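K.L.:
Attaching a single structure in structure tokens format; questions to follow.
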Amino acid sequence: MELPQKGLTKEDIFKKLDKYKEDDLDWQSGKAFGYIFDPGQEILQFAKQVYNMFLSENALDFTVYPSLLSFENDLVSIMRKHLNGDENVVGNFTSGGTESIILAVKTARDYYRDKKPEIEEPEMILPTTAHAAFHKAAHYLNLKTVSVSVNPVTFKADIKEVEKSINKNTIFMMGSAPSYTQGVIDPIFELSEIARENDIWFHTDACMGGFLLPFFKKLGRDVVDFDFSCPGVNSISVDLHKYAYTPKGASLILHRNSEQRHFQLFAFADWLGYTMINPTIQSTKSGGSLAAAWAVLNHVGEEQYLDFAQKQIDIVREIKEGIEEIPELYMMAEPEMTLISFSSKEVSVFHIIDEMNLKGWYIQPSLSFDNIPASIHLSVTLSNAGHSDAFIKDLKKSVEKAKNLPPSELLSMFNQFMKDGGADDLLENLGPLLELAGIKDGRMPDRTAPVNEVLDAIPSEVRKKLLLEVTNTFFHPKS
């Protein structure tokens, strides 16, 4: 692959693009339960039109494009009211939940650097259901993480275990609303009160639920307090490109007041270039996603979002009831939003996933960790409406087929490598093992159960090393 001597025609380019897309996830089929939040063609095409209108505007300098600054402040105004914040709540638009989370951790770190400089080795307390982005933030920002097991029945953060983990270096605590893994809401009020009593920053990760849960509450669902109605909550991350159905990437990081948000900002003056002041991590960024998010929220409006919420409640109920009718399966937890987690004590969940995906569905595995078994994850969205019966029908067939599928030879080989030479020997012989697994030229095999069986069986530290090595092989330019 190299730059062509003469540019290709538009027609040739689009042919190539279609070719590249052939093996991509069909996210418009209604059969995908992850990654994509499809609002339907009317909203999607409208959002694309607005996105293109502001595609070239650069949000690097908020003084040059007042339109983008207005969009951002408007979105914060909408969401602070949505999340029970007062007129002191401020925030910023980000590229996604990960950036919002990193900014929350960065704000807390710098706040305590200023207020408690004696803390030289700051720590974060994270339930094992905390999103990996918090660990990514700790890795980037040089904080220590203290992982705390969740309640094995409810999968919610264990208040007593969290409280026992607090020490003089603790600067950050969090709870999920809901957790991605099992779709349950942590006891945010209780956790945030513990944080407040100990002068610790508390963050609510509402990336998944921050937009949708208030509509659930308006529809009469029992939703525990998780937002700024809890006095101990300092900051909230909430994604708009999930259940507000705006284009990727659109998220907000909200702070209780501007005095705290001050520590999020970055400014630099010791160079010869332009004035550098960044409210978020990115500098140059297109205004497209920001304008489109503003447009979609204002176009859809309260009434239609309430209708969306009810439809998603109905889908979750239909799928949950169908899963409970299959004797080999069981629900991991009672879903409190639109995330469903289920498993099996009799059949390999990885084989079930393969069988479902081969039937055109897209569902995700969650590997075992901390004495919690591997499970199947579903992120339910509007596009899944009308597909519940077909999903359950195919799920029943997939369970029956998976019953007769044995563990793979790959797992036996990996176990032997681990027994004979350990992780180092395993990584040194990775090439042939990947080929045996069917991973070649940056592509996964149709059946991924053997790979997931291996990942599930090895210790998490080895799992991490293996994932890094394998990922390194995917991002390799063509010769």
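Each value in this text was obtained by applying a stated rule to the coordinates, not by laboratory testing. The model shown is predicted, which means the values in this text are computed figures rather than measured ones. Quick reminder, even Gly has a Cβ in these numbers, built from the backbone with ideal geometry, and neighbours come from all protein chains shown.
K.L.:
Does segment 1-106 come out rounded, prolate or oblate by the C-alpha gyration tensor, with a ≥ b ≥ c the root eigenvalues, rounded set by a/c under 1.5 and, if not, prolate when a/b is larger than b/c and oblate if not?
P.N.:
prolate
K.L.:
With labels modelled as points extended 7 Å from the Cα through the Cβ direction, what inter-label distance (nm, one decimal) is found for ARG221 paired with ILE277?
P.N.:
Between ARG221 and ILE277, the label points sit 4.1 nm apart.
K.L.:
Convex hull over the alpha-carbon atoms of segment 50-296: what's its volume per residue in Å³?
P.N.:
122
K.L.:
While we're on this one: Hey, which aspartates and glutamates would be in cross-link range of LYS19, C-alpha to C-alpha under 13 Å, not counting anything within fewer than 8 residues on its own chain?
P.N.:
Straight-line reach from LYS19, under 13 Å: GLU11.
K.L.:
Going 7 Å from the Cα of GLU321 along its beta-carbon direction, which residues of segment 206-229 have the amide nitrogen within less than 20 Å of the resulting point?
P.N.:
Inside the label zone: 219-222.
K.L.:
Based solely on C-alpha atoms, express the radius of gyration and the Dmax of segment 152-206 in angstrom.
P.N.:
Rg, Dmax (Cα atoms, Å): 11.0, 32.
K.L.:
Gain in length, ASN142 to ARG443, computed as 0.36 nm per residue apart minus the alpha-carbon separation, to one decimal in nm?
P.N.:
Fully extending the segment from ASN142 to ARG443 adds 105.0 nm.
K.L.:
Can you tell me how segment 230-345 classifies by the Cα gyration tensor, rounded, prolate or oblate, using a/c under 1.5 as the rounded cut?
P.N.:
prolate
K.L.:
Need one word for the chain: rounded, prolate or oblate. Basis is the Cα gyration tensor (sqrt eigenvalues a ≥ b ≥ c); a/c below 1.5 gives rounded, then a/b vs b/c decides.
P.N.:
Rounded, since a/c falls under 1.5.
K.L.:
Scan segment 213-322 for GluC sites (Glu not before Pro) in coil per DSSP, keeping those whose Cβ has at most 14 other Cβ atoms within 10 Å, and list them by number.
P.N.:
Filter output for segment 213-322: empty list.
K.L.:
Just to verify a number: FRET efficiency for LEU306 and LYS248, C-beta to C-beta distance, R0 = 22 Å, to 0.05?
P.N.:
The calculated FRET efficiency here is 0.40.
K.L.:
For segment 202-225 and segment 351-371, what is the centre-to-centre distance using only Cα atoms, to the nearest Å?
P.N.:
27
K.L.:
For the pair SER56 and LYS393, how long in nm is the line joining their label points, each one 7 Å along Cα→Cβ?
P.N.:
The answer from the label model is 5.1 nm.
K.L.:
At 7 Å along the Cα-to-beta-carbon direction for both ALA132 and ARG113, put a label point, then send me their distance in nm to one decimal.
P.N.:
Going by the 7 Å Cα→Cβ label model, 2.7 nm.
K.L.:
What number, in percent, do you get for the relative contact order of the chain if the mean sequence gap of Cα pairs under 8 Å and at least 6 apart is divided by its residue count?
P.N.:
Relative contact order of the chain: 18 percent.
K.L.:
Kindly flag which residue pairs out of LYS419/LYS464; LYS285/LYS440; LYS156/LYS345; LYS21/LYS106; LYS320/LYS401; LYS106/LYS248 have an alpha-carbon separation exceeding 26 Å in this structure.
P.N.:
Where the Cα-Cα span goes over 26 Å, the pairs concerned are LYS285/LYS440; LYS21/LYS106.
K.L.:
Additional query: Ranked from highest to lowest mean number of other Cβ atoms within 10 Å per residue, what is the order of the peptides 80-89, 240-249?
P.N.:
Most protected by this proxy first, the peptides run 240-249, 80-89.
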